[in-house]
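The values are calculated or read from the model by the stated rules, or taken from the named source; none is laboratory data. Everything numeric in this text was worked out from a predicted model, so none of it was measured. Backbone-built Cβ (ideal geometry, glycine too); neighbour counts: all protein chains shown. The accessibility values were calculated without ligands, DNA or RNA, using every heavy atom of the protein model including side chains. Shrake-Rupley method; radii C 1.70, N 1.55, O 1.52, S 1.80 Å.
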Amino acid sequence: MTIQVGTRLGPYEILAPIGSGGMGEVWKARDSRLDRSVAIKVLPAELAENEQLKLRFEREARTISQLNHPNICTLHDVGDGYIVMELLEGESLADRLGKGPLPIEQVFRYGIEIAEALDRAHRAGVVHRDLKPGNIMITKSGAKLLDFGLAKSIVAERNPDAVTVHKPLTQEGTIVGTFQYMAPEQFAGVEADARSDIFALGAVLYEMATGRRAFEGKTRTSLIAAIIGSEPAAMRSLLPVAPPALEHVVAQCLQKEPDDRWQSARDIAEELRWISGAGSQAGIPIDTAIKRKHRGSLMLGAAALLAVSTIAMSILYFREKQIADRVIVTDVMPPAGLHFNIAGNQAGPPAISPDGRYLVVRVAEASVERLWLRTLATGEFKPMNGTEGGIFPFWSPDSRNVAFFVLGTGLKRVDISGGVPINVAAAASGRGGAWGKDDVILFSPGTLATLFRVAASGGKVEAVTKMDGGHSSHRWPAFLPDGKHFLYLAANHQDSTGATNAVYLGSLDGSNPRLVINTPLNAVYSRGYVLFVRDTTLYAQKMSLEGALSGEIFPVAENVLNDRGTWRGGFAAQPDGTLVYCFGQSAQWSRVIWTDRTGKELGVIADHDHFWDVQLSPDRTKLALGIGDPSRQIWIADLERKTRTRMDFGALWAGLPVWFPKGASLMAAVLTNGGFSLVERRIDGGTNRVLMSHATKEAGGAGIGGTVSPDGRTVVFAVDHGLWSQPIDHPEQVARLTPETSNAREPRFSPDGKWIAFVASEGGSDNIFVTRATDATQKWQVSERGGAQPSWRADGKELYYIEPQNQLTAVPIDTSKGSLQIGNAQPLFPVTSFGMARVYDAASDGQRFVVNRTPQDDSVSVRYMTNWENALKR
């Protein structure tokens, strides 16, 4: 059977390919009866055409469909040559292990879930026969087992001597796949039973904890010999802090004789649960440690790990005993059912308090993203009220306050004991801050800003650094212990990874900075070292307080988040030797889709890229797309022909596209080292026309983007805290529309050209307002709880905007009587906010939307390390 998009298999409509394997192709499909998405596996022709094998397959499939368990992929239906399964979103355990071993807490969590799923199957008389990381999916709800008993049983039926071998991992001749997880008795032709699955489970647990396979070989013969006659390397030789009880469980699974193994997967689940509970209190991760070269310290540390049961008790124990050469590494998990948001323009890595007692991190909830506070002494995680939309947090020196930015609003601070956040300074799109002695805060207020200083209580804002050397941004300041000098990154938007990007040592007195190191990412100072990320490795090198580097460069941690879109490594450190870093790599990609008014996905326009802006052409046949990270370009997607064409605006960064009325040209915000310009370009080519050019580097004054009137004659744009109107053919007639105090931005002409919707900061928060295009002295407030990214429906009868909780909202608008009548706001669905990007647009009737949507990314976890510099002595 030839399968393609649009093919119908019974009640199932094929939507998109998912993958292929030994048992056929897998497709995403829609169940037209229940209106749900499913996965369909189409069987190979040779299997589907063999009636005996097909009957055997269908009989076993129906048996497996009775396995109702939360950690087993549900089999919904069996058809003529296909099976219908639950559609899972996540990544395979094999893909996850490609990034390194799992945190020990995840080893226990997923290990328990896999064992319980196996137990459920075994009690129903079903043996998996092919348990391996590739048949385990890691989803938001936990581990899910796939392909229960199907592939291996059919392969064996067709050829009793055959062994399933899957694609090589590295090079031809390497034996991988089923071989590496098969029990010894299977090579002797003995029928696999539940104990064979238990052997495979032991191999999977070993690999989850160590990142290494239990048995390896360059040839089939050497691999089989290792499985039959050799023991895997001791887990503690690869993971020094592997609990002995865990190693015992794995060793018992991997016994050569089936009778010597665990006889029940349920027993394994209970053992893992007991070990996990013995090593931690509820919800608090088990401590892990890096082996030290001093035997006495190692034994004392091991004794401490046995004596204490929580993360903070371990830390306090070591501090009280002043065991300075001990390194403790602890995984920090997000609150139950939620996930961290720690990469990108609206995120930021976790920040550790100077006293080492607290961690603050941005957490994504169902309808809001805000900062959460973790108390390390108790493991308690709680949201910080008033920090909705908070990004790039940093601490006060006394560990009592957290400062943070809110896009478009500014720099704020909040007491961790509670209370209302205090506004400190304007900052259109903050890029990092540091809180030094004498309550001085050093911060970068925007993407094109230098560094400024302000009192922690607010007040006068003063420039500290000056832009030179071809740089376009100063960001991520970090104070040295004297509270006067600081490190900061000077970045160049026109050469985002080039040699001009560097970390400098500056001073609050404004003296000339000193070049410390050429790097496209930030750096911090801790315990006599400068810490910085290259690629995905966190390094340390000796640095004097004058900024002079010396000695060897040491690796501190591997697989550390490199958030290249913001020029930042995912780590933070304190002078006492505590370090927190993000382990793993965020997806940092998104997909552009059609949705209805409830947010239900209707179709995919573009997938798996660094998408930003999405703006439909006036006739809704084309889509302007911002693509790229950290450089960004505008592309035109033809929605009918399914093609994509790049628009050349003559710069490495172009965003915020706006269509001219007839759809023949686009206006975009173009970034150079001199600031932002608004540039027009025809979609069929030709010469670019600069409509407006303005430097936007003062604190809080940056506002970019614009809107074109429906007659194509006027552009309204936002700079210097307000809106300006300019005839396109007479730029000398530019005039301010709104007062400077309004901090107005994001203008949007109504379809009839008589009204302008915009964002303005009044009373400390952003809201949506509407004013007349010809007279801005009067304005109407549309939103009540804040808003951004206003947009009109094609007939002007509805206005859309995004609330601070990232909720797309619609408001009816009536201008038929010459005045503005505002209806009741209607929440539509959650969207993802990307900072400087227009992430949605509406179809003409407002019943469908184009949305730039990110997947929830659980691949990045947080690790906390004490006495990090002692890891350099290993």
Practice problem: Working only within region 375-392, note down all residues that are outside any loop (DSSP other than H, G, I, E, B) and surrounded by fewer than 24 Cβ atoms within 10 Å (Cβ to Cβ). | Solution: THR375, GLU380, PHE381, LYS382, PRO383
Practice problem: Count, please, the residues in region 575-591 that happen to be buried (at least 20 other Cβ atoms within 10 Å of the Cβ) and part of a strand (DSSP E or B). | Solution: 6
Quiz item: What is the number of the single condition among (1) within 33 Å of the chain's Cα centre (by Cα); (2) at pLDDT 85 or above; (3) of a type outside the set (Gly, Ala, Ser); (4) closer than 30 Å to GLU86 by Cβ that PHE148 does not meet?
Solution: (2)
Quiz item: Checking ASP438 against (1) assigned to a loop (DSSP other than H, G, I, E, B); (2) more than 23 Å from PRO350 (Cα to Cα), which single condition isn't satisfied?
Solution: (1)
Practice problem: Answer yes or no as to whether ARG646 is more than 30 Å from SER37 (Cα to Cα), surrounded by fewer than 15 Cβ atoms within 10 Å (Cβ to Cβ) and not acidic (Asp, Glu). | Solution: yes
Exercise. Mind listing whichever residues of region 129-139 are touching a strand residue (DSSP E or B) at 6+ places or on another chain (Cβ under 7 Å) and either at pLDDT below 85 or under 16 Å from LEU102 (Cβ atoms) (or both)?
Key: PRO133, GLY134, ILE136, MET137, ILE138, THR139
Quiz prompt | Filtered residues of region 470-491 (kept if open to solvent by 20 Å² or more (accessible area, probe 1.4 Å) and farther than 26 Å from GLY344 by Cα) | solution = PRO481, ASP482, LYS484, HIS485
Quiz item: With ALA810, ALA837 as the choices, which residue is over 22 Å from SER725 (Cβ atoms), in contact (Cβ under 8 Å) with a residue 12 or more places away in the chain and either open to solvent by 40 Å² or more (accessible area, probe 1.4 Å) or in a strand (DSSP E or B) (or both)?
Solution: ALA810
Quiz item: Out of region 780-796, which residues are without any contact (Cβ under 8 Å) to a residue 40 or more places away in the chain and either open to solvent by 30 Å² or more (accessible area, probe 1.4 Å) or of a type in the set (Lys, Arg) (or both)?
Solution: GLN781, ARG785
Practice problem: Could you please let me know if ALA209 is touching a Leu at 6+ places or on another chain (Cβ under 6 Å), modelled with pLDDT of 70 or more and among the hydrophobic types (A, V, I, L, M, F, W, C)? | Solution: yes
Exercise. Quick one: PRO618 ticks every box in (1) of a type outside the set (Lys, Arg); (2) on the phi < 0 side of the Ramachandran plot; (3) part of a strand (DSSP E or B) except a single one, so which number is it?
Key: (3)
Quiz prompt | Failed condition for TRP594, given (1) free of Cβ contacts under 8 Å to residues at least 24 places away in the same chain; (2) surrounded by fewer than 18 Cβ atoms within 10 Å (Cβ to Cβ); (3) assigned to a strand (DSSP E or B) | solution = (1)
Practice problem: Considering (1) open to solvent by 20 Å² or more (accessible area, probe 1.4 Å); (2) at pLDDT 90 or above; (3) in contact with a Phe, Trp or Tyr (Cβ under 6 Å, 6 or more places away or on another chain), say which one ILE268 fails and leave the rest. | Solution: (1)
Quiz item: If we scan region 563-574, do we find a residue that is under 21 Å from GLN633 (Cα atoms), touching a His at 6+ places or on another chain (Cβ under 8 Å), open to solvent by less than 40 Å² (accessible area, probe 1.4 Å) and among the hydroxyl-bearing types (Ser, Thr, Tyr)?
Solution: no
Quiz item: Is at least one residue of region 764-775 surrounded by 15 or more Cβ atoms within 10 Å (Cβ to Cβ), at positive phi and in contact with a Pro (Cβ under 7 Å, 6 or more places away or on another chain)?
Solution: no
Quiz item: Does LEU723 satisfy the criteria of being open to solvent by less than 50 Å² (accessible area, probe 1.4 Å), at pLDDT below 90 and over 36 Å from the mean Cα position of the chain (by Cα)?
Solution: no
Quiz item: (1) open to solvent by 30 Å² or more (accessible area, probe 1.4 Å); (2) in contact with a strand residue (DSSP E or B) (Cβ under 7 Å, 6 or more places away or on another chain); (3) more than 30 Å from LEU531 (Cβ to Cβ): which one isn't true of HIS610, the others all being true?
Solution: (3)
Quiz item: Does ASP80 count as surrounded by fewer than 19 Cβ atoms within 10 Å (Cβ to Cβ) and either touching a residue at least 40 places away in the same chain (Cβ under 8 Å) or over 27 Å from ILE275 (Cα atoms) (or both)?
Solution: yes
Practice problem: Please go through region 194-214 and pick out each residue that is open to solvent by less than 30 Å² (accessible area, probe 1.4 Å) and farther than 17 Å from ARG261 by Cα. | Solution: GLU207, MET208, ALA209, THR210
Quiz item: How do the pairs read when you match residues in region 122-149 that are among the hydroxyl-bearing types (Ser, Thr, Tyr) with residues anywhere that are open to solvent by 20 Å² or more (accessible area, probe 1.4 Å), using Cβ under 6 Å and keeping only pairs 6 or more apart or on different chains?
Solution: THR139/LEU88; THR139/GLY90
Practice problem: Tally the residues that are more than 30 Å from MET467 (Cβ to Cβ), touching a strand residue (DSSP E or B) at 6+ places or on another chain (Cβ under 8 Å), assigned to a loop (DSSP other than H, G, I, E, B) and of a type in the set (Gly, Ala, Ser), restricting the search to region 636-687. | Solution: 2
Quiz item: Can you name the residue in region 616-642 that is more than 20 Å from ALA664 (Cβ to Cβ) and of a type in the set (Lys, Arg) and is also least open to solvent (accessible area, probe 1.4 Å) among such residues?
Solution: ARG632
Practice problem: Within region 533-544, identify whether any single residue is in contact with a Phe, Trp or Tyr (Cβ under 9 Å, 6 or more places away or on another chain), modelled with pLDDT of 90 or more and open to solvent by 30 Å² or more (accessible area, probe 1.4 Å), and answer yes or no. | Solution: yes
Quiz prompt | Selection count where residues are touching a Gly at 6+ places or on another chain (Cβ under 6 Å) and either open to solvent by 30 Å² or more (accessible area, probe 1.4 Å) or at positive phi (or both), scope region 422-444 | solution = 3
Quiz item: Which condition does TYR525 not pass, out of (1) touching a helix residue (DSSP H, G or I) at 6+ places or on another chain (Cβ under 6 Å); (2) under 23 Å from ALA434 (Cα atoms), if it passes all the others?
Solution: (1)
